[in-house]
Amino acid sequence: MFKKMFFLMTSMLILFQLSAQPSEGTISVGGSIGTHYNTNSSVKNFVLQLMPVGGYFLTNDLMAGMGLGYSVNTSKNKNPEFTTKGPLFHISPMVKYYWQPINRAGIFIQAYIDYATGNSKSKTSFGESTAKNTNFDFAFKSGLFLYVTPTIGVELSLSDFGIFTTKSTQNGSTTKTSTIGVISRPTNLTIFTFIK
């Protein structure tokens with residue numbers, strides 16, 4: 001009798017979990033953590049990003065939302081020797097489309113604008129300096145998602161494609177760079193829940 005009850009309860013739980021799907025009017029609340037590390041013979045660069053995210057499902061597959069976050073970037077150069085470290089504060093409106101070919105998992109495509117600002121400190125053998133940094137990005141990213149339960153999901157995203165602009169002002173001098181194309185961003189793991 002115990003085996004039959006266990007089998008029945010397990011089957012019901014699995015079927016319940018397989019029905020995860022947000023619907024129009026669902027609110028999504030969660031957060032992402034991202035990290036990126038690259039190194040070559042002279043430079044080591046590490047980025048850590050935390051971003052709480054909220055959204056509203058306009059349809060069963062389309063969500064509009066906003067992220068507010070914080071990231072810190074540390075760069076170390078060997079030749080010439082210098083270290084740069086600084087935080088950025090982010091505001092990032094987005095629109096995300098979910099395609100779910102199987103019941104609990106699928107692919108998402110996200111369009112977003114990311115505005116980030118903050119100060120960084122550089123240290124060299126000549127002394128220290130501070131720079132004001134501003135980033136403005138308009139980009140697309142894609143990734144995989146999985147509904148772990150009917151109310152909890154996870155997403156994994158990798159690289160971004162778009163226009164990425166960085167402006168840095170230091171000692172009265174401004175440097176501006178723009179990149180168009182695929183850029184390696186922090187690999188993001190997002191955990192979210194649904195509120196109906």
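Using 0.36 nm per residue, how much length does the chain from residue 48 to residue 158 gain when fully extended, once their Cα-Cα distance is taken away?
Additional length available on full extension: 38.2 nm.
Subtract the Cα-Cα distance of residue 146 and residue 35 from 0.36 nm times their separation in residues, and report this length gain in nm to one decimal.
Additional length available on full extension: 37.9 nm.
Specify the angular offset, from 0 to 90 degrees and rounded to the nearest 10, of the alpha carbon long axis of helix 2-18 from the longest principal axis of the alpha carbons in the chain.
Computed tilt is about 50 degrees.
Ignoring ligands, DNA and RNA, what percent of the 1.4 Å accessible area of the chain is carbon and sulfur?
67 percent
Given that just one value was derived from the coordinates, which of (1) 21.2; (2) 18.9; (3) 17.9 is Kirkwood radius over Cα pairs in Å?
From the options (1) 21.2; (2) 18.9; (3) 17.9, the structure gives (2).
What dipole magnitude, in Debye to the nearest 20, does the chain give about its Cα centre under +1 on Lys/Arg Cβ and -1 on Asp/Glu Cβ? The partial results should precede the final answer.
Details: 16 positive and 8 negative charges, 92 e Å.
Here the chain has a charge dipole of around 440 debye.
222 nm [θ] for the chain, helices only, -39500 (n - 2.57) per DSSP H run of 4+, per residue, to 500?
Mean residue ellipticity, 222 nm, calculated: -3000 deg cm²/dmol.
What's the center-to-center distance, using Cα atoms, between the range 56-70 and the range 111-166 in Å?
Answer, in whole Å: 17.
The values are calculated or read from the model by the stated rules, or taken from the named source; none is laboratory data. Predicted, not measured: the structure shown is a model, and the values here were computed from it. Here the Cβ is made from the backbone with ideal geometry for all residues, glycine too, and neighbour counts use every protein chain on show. Accessible surface is based on the protein model in full, side chains and every heavy atom, while ligands, DNA and RNA are left aside. Shrake-Rupley method; radii C 1.70, N 1.55, O 1.52, S 1.80 Å.
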